[in-house]
Structure formats: structure tokens, C-alpha cells
Amino acid sequence: MNHTWLCVLLLLNTLIYCGHSQGVPEASVNIVSPQEPLYTGERVILQCYIPEYTDWTYFWYRDNQLLSSQTRKTTTITLPDQAGQYQCRGKRTKWPESSFLSPNHPISATDRPKAVLSISHQWMNPGDSVTLNCEVKDKGWRFSWYKTVPYRAGLPSLLDKSYSVEPLSGYGTTEESYTLSPAGPTDTGGYVCRAGRGDPVYYTNYSEPQCLWSGDLQSSVSLRIGPNRTQHFTSKSLSLTCDLKGNSTGWRLMRYTETGVKSGCSPNWGSITGSTCTITSTYTGDSGVYWCESGSGQYSNAVNITVSGGDVILESPVHPVTEGDSVTLLCTHRNQPHTNPKADFYKDGVLISNETTGEMTIPTVSKSDEGFYKCKSDQIESPECWVTVRVPPGSLVSISLSRLLCGLPVVSPFLLVSILMVKYCRAGGLCSTTKSPEEKLQCDDEIKQTESSL
């Protein structure tokens, strides 16, 4: 009999032990916020999740080492210093007295992301709407929009301190786009965006700046080019003058080229006399966008200059043309600058004129004359020019950006033409006869510029 009771007690013990063992809850480590991927500099909230029972005291482990100071259900870490393999378990005074140790949950960080800014069109026609679009590769961000101004201590600035930034009104939004409507002369300049998430807010790096330019002459200052054309041969002299009006002071010449943004008239690319910068011997690397900029961030008209290593260029006016004006296009040889041999002129790739004098005149230009122009002489082609015509205020025809944009030869490394009009848009390629007018000019906060030319 005693033997029978002993067997029963042993059986009950076994059943109770097995039941308790089967009732031990699982634990797991979850990320509460932010959502993955996680980035360098972010604060991350982790949670030890035990689905059953209450009154747990939590124990946290990183890389198999107990974090003695962490006993709450959630713990906050900062990346990348506290990255690693995280585990947790719970303990309490009642049965079950402990959970299982959770599986390893790896927590790591990638480099701080950088927002990408795009702009609907970069050569502005006053009165039009311009849309800025900011992108980050993952979701859950709020977007902030800024305009660049000359560097000033005390203002948020780009990493290289080339510019400070000022927020645009209503700049914090979950929308990925921001519209300047209507855009006007005061909107010319550079723009950047960035995105933020979490509390406290974690920000991406600023985007590379995108520039909004105008070819229209401004009331306070204008940029004059000598010779007065947008295309130039290599190994020639080129002068650029900030023509000040009234009491304008503090202006400086700026340019974006394939080597980045430059301010003033740097000794390695020009010499300064008064308000004129002279490049004594041009080369293709001098191609880019030039303008004058004040200490308060005002812009003059911008001119996109092409320096060609070819033997033929197409001369055209630097500043905008208006419907009704007379426009002359001149086909010029490098080695015959004072004589103009026979030239063929093309519009949108179609031969429109054979001229024995090397020049073609449109006596009364109209909107129908808009398009890509080039010339050919002695079987040598010039770069293309995009001719856009301004319609005077009050005209029944809608206004569009008015200027002449000349493209570089197809062999140039940074041919990007940005034009509002898409009437004659062409697909693909780098500023060749297939160049799309909607391609964008870019400038960047690390002094590296995706090149553009007219």
C-alpha cells in the first residue's frame, strides 16, 4: 500500500512539473518606434513583449550581457553606439516565475538619409507656379522646405557653410510637394528640403539645392556678357559684369560649373576689375550658369554660358526676346571670325534656310518661331539653341518664359537644358538634338554641381 501511494505522489509531481513547464510564456523584442530602417543618430524604443500574465519585472540583454539598469517593459537606445543583438525575459513572484529568454533581435543603423529635391522647372516665368518635390526612400516622414541665403552665423546652414537656409512659410507638412504660386522675381534662388520623424524629431540631411533662375533683367542689377552671346569658343576672352542700378551694393558674381559653385571672381578662373570679371582664356569647364547675387540673397538675371571646343557656334541674344522683335542668328567659324561663309539653318532638325552670308534674320518673331535652332557650315554643326518668345502683357496668347537657351555640343559632359516649354520636348540624351527641355539643372550643398548649359 505504501508503495502504491509513493507511485501516485511521484506521478502527480511529474504532471505538475510538466504542466508548469508547458505554461512558461514566450518573450520577444519588438521595435515600438521608429519604423525600420533605422538610421545613425536615431533614438529607438524597444519593447519586451510577453503576451501572458502580468506583474513582470523585465531584464534586458545586449550581446548576451545583462543591462542591469534596464528593468522596464520598454527601453530606449541611441544608434549606432547601442546597436547590437537584443534579448529580454520577464520575472515575477507568482507562478510562472519567469518567461523564456527571447530570441536575439538584431538592431543596427544605416547612414543618415539624404532627402532628394526636384523642381518642376528651373527657368522661371513670373506668374507661373513652380512645384518643389521632396523624396525620402521610406515612409513616415514630415517634410520641411527652405530657401538658401548667403551664409550667416546663427542660421541653420548647409554642411559646407556655403549657404544658410531660411524656412518657407507653412514648411512642415506630410505632403511631399510645396508650390510657389505665383512665382515672382523674389523667388529666384536656391531651395533645399529635408524630412523629419519621431519625437524628438530626427532629421535627414538637407537635400542638394535646386536653383530657380530667371533670364529676365532685374531692376536692381543685371549680368552683362562680353562678347554678348551665350556660346563661346575655347581659348578666348570672356567678360562678365554685374551692372548695378540705383543704390545696389554688396553684389558678387556667382557661377555653377562642372567643378561646383564658385563665388566672386576667383583667381583660378578669372581676374576682377571693378565690377567686371574677365576670363582671359576660356575652356569647356567654364560652361555653366552665371548670375550676380547680393548679400541679402537677391539674384540678377541668370545666363547659361556654353564654351565649345568645336569650330562652329550659333550666336544669339543673351537676354529674352519679345514677340514682334527682330532676331538674328549668326553662324560663326572659329578660324574665320570676320567672314561668314555659307550656312544652313535648322529648326527642330528640319532645314529652314540656306544663307550665303552666314546669318539668318527673323524680322518679326512670333510664338510659332519657338524651337531648337542650329546651323551647319562646311559640314560642321553648331550646338543647338532653344528660342523662346515672350508674349507682351495683355496679349491673348498665354505668357511663357522668354529667352534664348543654347545647348552645348553632344560631346560635352554636362549638357542639361531646363526649359519651361514642352512644346518641342525631345526624349533622352544629354543636351543633344534629342534633349528634353524639361531636364533639370542641379546645384548641391557639397559644392558639386550636376552640370547645365544653354
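The values are calculated or read from the model by the stated rules, or taken from the named source; none is laboratory data. The structure presented is a predicted model; accordingly, all values stated were derived computationally and were not measured. Cβ: placed from backbone, ideal geometry, glycine included. Neighbour counts: every protein chain shown. Surface areas here come from the heavy atoms of the whole protein model, side chains and all, with no ligands, DNA or RNA. Shrake-Rupley method; radii C 1.70, N 1.55, O 1.52, S 1.80 Å.
Can you name the strands (runs of 3 or more DSSP E) wholly within the range 119-209 that have at least 1 residues being in contact (Cβ under 8 Å) with a residue 24 or more places away in the chain and touching a Cys at 6+ places or on another chain (Cβ under 7 Å)?
Once the strands (runs of 3 or more DSSP E) in the range 119-209 are filtered for at least 1 residues that are in contact (Cβ under 8 Å) with a residue 24 or more places away in the chain and touching a Cys at 6+ places or on another chain (Cβ under 7 Å), what remains is 130-135, 142-150, 189-197.
Would you pick out the residues in the range 253-264 that are open to solvent by 30 Å² or more (accessible area, probe 1.4 Å) and either modelled with pLDDT of 75 or more or in a strand (DSSP E or B) (or both)?
Correct list: 262, 263.
Of the numbered conditions (1) modelled with pLDDT of 80 or more; (2) among the small types (Gly, Ala, Ser); (3) more than 30 Å from residue 328 (Cβ to Cβ), residue 222 fails exactly one; give the number of that condition.
The one condition residue 222 does not meet is (3).
Identify the single condition in (1) modelled with pLDDT under 90; (2) of a type outside the set (D, E, K, R); (3) open to solvent by 70 Å² or more (accessible area, probe 1.4 Å) that residue 70 does not satisfy, given that it satisfies every other one.
The one condition residue 70 does not meet is (3).
So residue 325 fits all but one of (1) of a type in the set (D, E, K, R); (2) more than 22 Å from residue 123 (Cα to Cα); (3) in a loop (DSSP other than H, G, I, E, B); what number is the exception?
Evaluating residue 325 over (1) of a type in the set (D, E, K, R); (2) more than 22 Å from residue 123 (Cα to Cα); (3) in a loop (DSSP other than H, G, I, E, B) leaves (2) as the failure.
Could you please find all residues in the range 265-292 being assigned to a loop (DSSP other than H, G, I, E, B), under 20 Å from residue 233 (Cβ atoms) and open to solvent by 10 Å² or more (accessible area, probe 1.4 Å)?
269, 270, 280, 281, 283
Of the conditions (1) within 35 Å of the chain's Cα centre (by Cα); (2) at pLDDT below 90, residue 76 satisfies every one except a single condition; which number is it?
Residue 76 satisfies every listed condition except (2).
Of the residues 172, 154, only one is over 21 Å from the mean Cα position of the chain (by Cα) and at pLDDT below 80; which?
Step by step, each of 172, 154 is checked, and only 154 is over 21 Å from the mean Cα position of the chain (by Cα) and at pLDDT below 80.
I'd like the full set of residues that are within 24 Å of residue 43 (Cα to Cα) and touching a Pro at 6+ places or on another chain (Cβ under 7 Å), limited to the range 147-201.
Result: 197, 198.
Could you please let me know if residue 212 is among the aliphatic types (A, V, I, L, M) and farther than 30 Å from residue 321 by Cα?
So residue 212 does not fit the description; no.
Within the group 206, 191, which residue is in contact with a Phe, Trp or Tyr (Cβ under 9 Å, 6 or more places away or on another chain), open to solvent by 10 Å² or more (accessible area, probe 1.4 Å) and on the phi < 0 side of the Ramachandran plot?
206 is the lone residue from the list that is in contact with a Phe, Trp or Tyr (Cβ under 9 Å, 6 or more places away or on another chain), open to solvent by 10 Å² or more (accessible area, probe 1.4 Å) and on the phi < 0 side of the Ramachandran plot.
Condition check: more than 26 Å from the chain's Cα centre (by Cα), without any contact (Cβ under 8 Å) to a residue 40 or more places away in the chain and open to solvent by less than 60 Å² (accessible area, probe 1.4 Å). Does residue 330 satisfy that?
yes
Taking the range 104-118 only, how many residues are of a type outside the set (A, V, I, L, M, F, W, C), in contact with a Pro (Cβ under 8 Å, 6 or more places away or on another chain) and part of a strand (DSSP E or B)?
Total satisfying the criteria: 1.
Only one of (1) crowded, with 23+ Cβ neighbours inside 10 Å; (2) in contact (Cβ under 8 Å) with a residue 60 or more places away in the chain; (3) not β-branched (Val, Ile, Thr) is not met by residue 295, so which one is it?
The number of the failed condition is (1).
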